[in-house]
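Some notes on the structure that comes next.
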Amino acid sequence: MSDDTTAPAPQSTSEENRHASWLELFFDLVAVAGVAQIAHLLHGVPDLSDLGLYALLFLAFWTAWICFTLYANVAYENTHIRTVLAAMFGMAVMAAAVPGAHEGDDQHARVFALAYVLIRALANRAWQKRRQILVDWPAAQMSLGVIPWTVSLWAHGPTRYWLWALGIALDLYVTFAVSARDIAEHQEARERRGDRTARRGSAGARRSRGRSRST
């Protein structure tokens, strides 16, 4: 398989015999703890708002988890430990902010959203460095769904949660409506823009050196 479509298989062992590493197991443990924290929203007799908030927080937590689970599966022995540890910390912060977000506390809700945004940015950067296209979960490489979450950092009350819902909906749209070819074209266009910017910078540096020599 080429680097432009999917990731290569692990070199040291077959896919059937692959075992989860200690890092993946610890990451899954953090995810389980976070889901358990979110599940507290359903204790007692939850109303429709509790159910809606539970769905939002669960989908956000699941999205953060799946981005790095797929990254670890693809990178395998080349997984950057510090990247995954940073994601673990972010997910722990999200879990800790759940009770406050449920109670309507602006600060805790903002912390939850900020941690989510940073985790998604970290996942996007990890996939960019691998220069591979993740067909199974394209939202990991396209930050369209993160935009409403970023805007929600300055929102209050119900508006914030509607923005979160919009972000989740955009991620689902990307997942089911965007093809691998669309992702490849998007990545190639971004790389071309980066190359043009680098060439302009190099040309500007050469002109500056030429002017300094002439003076």
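Each other residue within a Cβ distance under 14 Å of H43 adds +1 if Lys or Arg and -1 if Asp or Glu, for a net charge of -3.
Mean projected area of the convex hull spanned by the Cα atoms of region 20-74, taken over all viewing directions: 3.8 nm².
Grab the Cα-Cα distance for E77 and R200, subtract it from 0.36 nm times how many residues apart they are, and report the gain in nm with one decimal.
Numbers: separation 123, 0.36 × 123 = 44.28 nm, distance 3.68 nm.
That pair, E77 and R200, stretches by 40.6 nm at full extension.
Dimensions of region 40-166 based on its C-alpha atoms, expressed as ranges along the principal axes with the largest first, amount to 45, 27, 24 Å.
Taking N as the number of residues in region 57-123, what is its alpha-carbon radius of gyration divided by 2.2 N^0.38 Å? Display every interim value, and only then the final one.
On the way: Rg = 12.6 Å, N = 67, 2.2 N^0.38 = 10.9 Å.
Expressed relative to 2.2 N^0.38 Å, the Cα Rg reads 1.16.
With all protein chains in place and a 1.4 Å probe, the accessible surface of region 72-132 carries 55 percent carbon and sulfur.
Taking every pair of alpha-carbon atoms in region 42-82, give the share separated by more than 15 Å as a whole percent.
Values: 465 of 820 pairs.
When all Cα pairs of region 42-82 are counted, 57 percent exceed 15 Å.
Take each of the peptides 31-41, 108-118, average the number of other beta-carbon atoms within 10 Å over its residues, and list them starting from the highest. Mind showing how you got there, number by number?
Values: 31-41: 16.4, 108-118: 21.4.
The packing order, highest mean first, is 108-118, 31-41.
The values are calculated or read from the model by the stated rules, or taken from the named source; none is laboratory data. These numbers were taken from a predicted model, which means no experiment stands behind them. Using ideal geometry, Cβ is built from the backbone for each residue, glycine included, and neighbour counts are taken over all protein chains shown. The area values use the complete protein model at the heavy-atom level, side chains included, leaving out ligands, DNA and RNA. Shrake-Rupley method; radii C 1.70, N 1.55, O 1.52, S 1.80 Å.
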